[in-house]
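Q: One structure is given below, represented as structure tokens, and several questions about it will come after.
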Amino acid sequence: MEFTSEIISVGQLNEAISSLINASFDTLWVRGEISNFKSYPSGHWYFKLKDADSQINAVMFKGKNFSVDFPPRDGDQVEVAAQLGFYATRGDIQLTVQQMRKAGAGALYEAFMKLKAKLESAGLFDTAQKKDIPIYPRAIGIVTSTQAAALKDVLSTLARRAGHIPVIIYPSPVQGVEAAPGMIKALAQAQKHQVVDVILLVRGGGSIEDLWSFNDEQLAYAIAQCSIPIISGVGHETDFTIADFVADLRAPTPTAAAELATPDRMELLRQVQAYAQMMSRMMHLKVEREAQRLDQLSLRMQHAIPNPEQMKLKQSQLQDRLARAWQEKLRYHRQQQAHYFLQLETLNPQRTLERGYSLILKDNQALRDAQELQTNTAYVVAMAKGTATIQLDSVEIHQDI
């Protein structure tokens, strides 16, 4: 070992080490377990990254960690893209992290992109093949877990916007190994029953692992081949799954899916009122114009050479034309009025009851969940013809429709 006669300070030594490390390493991906994680008021994260043999200090500054889509905790297995550096002040080697993801997320993303390319080449994303979403659905189906947090928001939105439209839930797991087969089965049930005009495929947000069942190839084909239009509402606005690309319409959130599936009742009523007012104005304007035209023709006849018989004939013809024009316009506007009245009728809850549906009421509130039913409790059943008060001796809950 050779020794130099030059004596340097600790700071000079550390600066030399720092320069050597910075020149020797580019950005690299490192896998390990988080320990001693601390988030400071400044927004910076400090932690150790370790495995069975070693550990190293790491820091992720506020400007970088906002892109991490999960809250890091001690024990999390992660993969980080980082620059290896030397903190000269303390003489510590540390990783300055630029990106962080859960371990295995990179492989999942590669699998996602590979399947996406395969299905796209097979034509499953072709917009020409997508079915139109009905403007006035007779009934709406929901494929999700009955325990999903998103279900409550979806049902609340549907009740607010179009409470007259019946809703049928086809329950299925939305996470785990049984989720994709369960959703495929639920879609098959909806097609077998043929009572809903549109299906909402929804669940709340989560990590790529939580949403992975929506990237299943067989589920993608089930969505593409479904005879009923499907609106997907999976995760948050920034989340994309294979199901979103295959569905007939993609909503950024479950709540947005419910909004896209329903007409706004109040907006429809405002439109019908506006159309009725417009038709009334048009009818009066037409009558006034025809009357003015008749006056002008009568005036011309008065200045022409008098011919009583011809004038009577002309007057009779004009009166006939005016009467026919009036009847034609009246017939047209009555047809338009009947059309809008029919649209209003589709929003009438009574029509829903006349199609064979019933409402179970407790304290004048409609029950939506079978779990709310109790024995020895009085309920009111509303049907197309009358109501009935009932009391249940026993209740047996069935999840499937």
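Q: Going toward the positive end of the dipole of the chain, with +1 on Lys and Arg Cβ and -1 on Asp and Glu Cβ, which of ILE21, PHE125, VAL80 do you reach last?
A: Ranked along the dipole, the leading option is PHE125.
Q: For segment 40-176, what proportion of DSSP beta bridges, expressed in % and rounded to the nearest 5, is antiparallel?
A: 65
Q: Could I ask something else about it? Over 10 Å intervals from 0, what percent of Cα-Cα pairs in segment 107-263 sits in each interval?
A: 12, 45, 35, 7, 0
Q: Kindly provide the helix-only [θ] at 222 nm of the chain, computed as the sum of -39,500 (n - 2.57) over DSSP H runs of four or more divided by all residues, to the nearest 500 deg cm²/dmol? Present the calculation step by step, with values, prior to reporting the outcome.
A: On the way: 11 runs with 171 residues, N = 401.
So the calculated ellipticity at 222 nm is -14000 deg cm²/dmol.
Q: Further question: Measuring from centroid to centroid over Cα atoms, what is the spacing of segment 321-336 and segment 126-147 in Å?
A: Value for the Cα centre distance between the two parts: 40 Å.
Q: Right, something else. Nearest 5 is fine: what % of DSSP beta bridges in the chain come out antiparallel, could you say?
A: Values: 37 of 56 bridges.
Of the beta bridges lying entirely in the chain, close to 65 percent run antiparallel.
Q: Rounded to the nearest 0.05, what FRET efficiency do ARG289 and ALA128 give with R0 = 51 Å and r taken as the Cβ-Cβ distance? Could you check?
A: Efficiency at R0 = 51 Å is approximately 0.65.
Q: List the residue ranges in the chain for DSSP H helices whose C-alpha atoms run 20 angstrom or more along the long axis and whose Kyte-Doolittle average is -0.5 or above.
A: 10-24, 105-121, 149-162, 179-193
Q: May I pose another question? Please give the charge dipole size of the chain, origin at the Cα centre, charges +1 on K and R Cβ atoms and -1 on D and E Cβ atoms. Round to the nearest 20 debye.
A: Numbers: 42 positive and 44 negative charges, 550 e Å.
About 2640 debye.
Q: Moving on. Using Cα-Cα distances under 8 Å and only pairs 6 or more residues apart, what relative contact order does the chain have, in percent?
A: 11
Q: Let me ask something else about it. Once fully extended, how much extra length lies between GLN343 and GLN271, figured as 0.36 nm per residue of separation less the alpha-carbon to alpha-carbon distance?
A: Contour length minus the Cα-Cα distance gives 24.8 nm.
Q: Holding the Cα-Cα limit at 22 Å, pick out from LYS131/LYS152; LYS62/LYS114; LYS131/LYS192; LYS130/LYS192; LYS118/LYS192; LYS48/LYS102 the pairs that are longer than that.
A: LYS131/LYS152; LYS62/LYS114; LYS118/LYS192
Q: If you average the sequence gap of Cα pairs under 8 Å that are 6 or more apart and divide by the length of segment 107-263, what percent do you get for the contact order? If you can, show how the numbers build up before the last one.
A: Numbers: 304 pairs, mean separation 44.9, N = 157.
So the answer I get is 29 percent.
Q: Can you list the lysines whose alpha carbon sits under 24 Å from that of LYS286, skipping same-chain ones fewer than 8 residues off?
A: LYS314, LYS329
Q: Over segment 196-353, what relative contact order in percent results from Cα pairs under 8 Å that are six or more residues apart?
A: RCO, segment 196-353: 17 percent.
Q: Looking at the chain as a GNM with Cα springs under 10 Å, which of LYS118, LYS329, LYS312 has the largest mean-square fluctuation?
A: Result for the chain, Cα springs under 10 Å: LYS312 fluctuates most.
Coordinate-derived values only; no laboratory data. A quick note: this is a predicted structure, and the numbers were derived from the prediction, not measured. Reconstructed Cβ throughout: ideal geometry from the backbone, glycine too, with neighbour counts over all protein chains shown.
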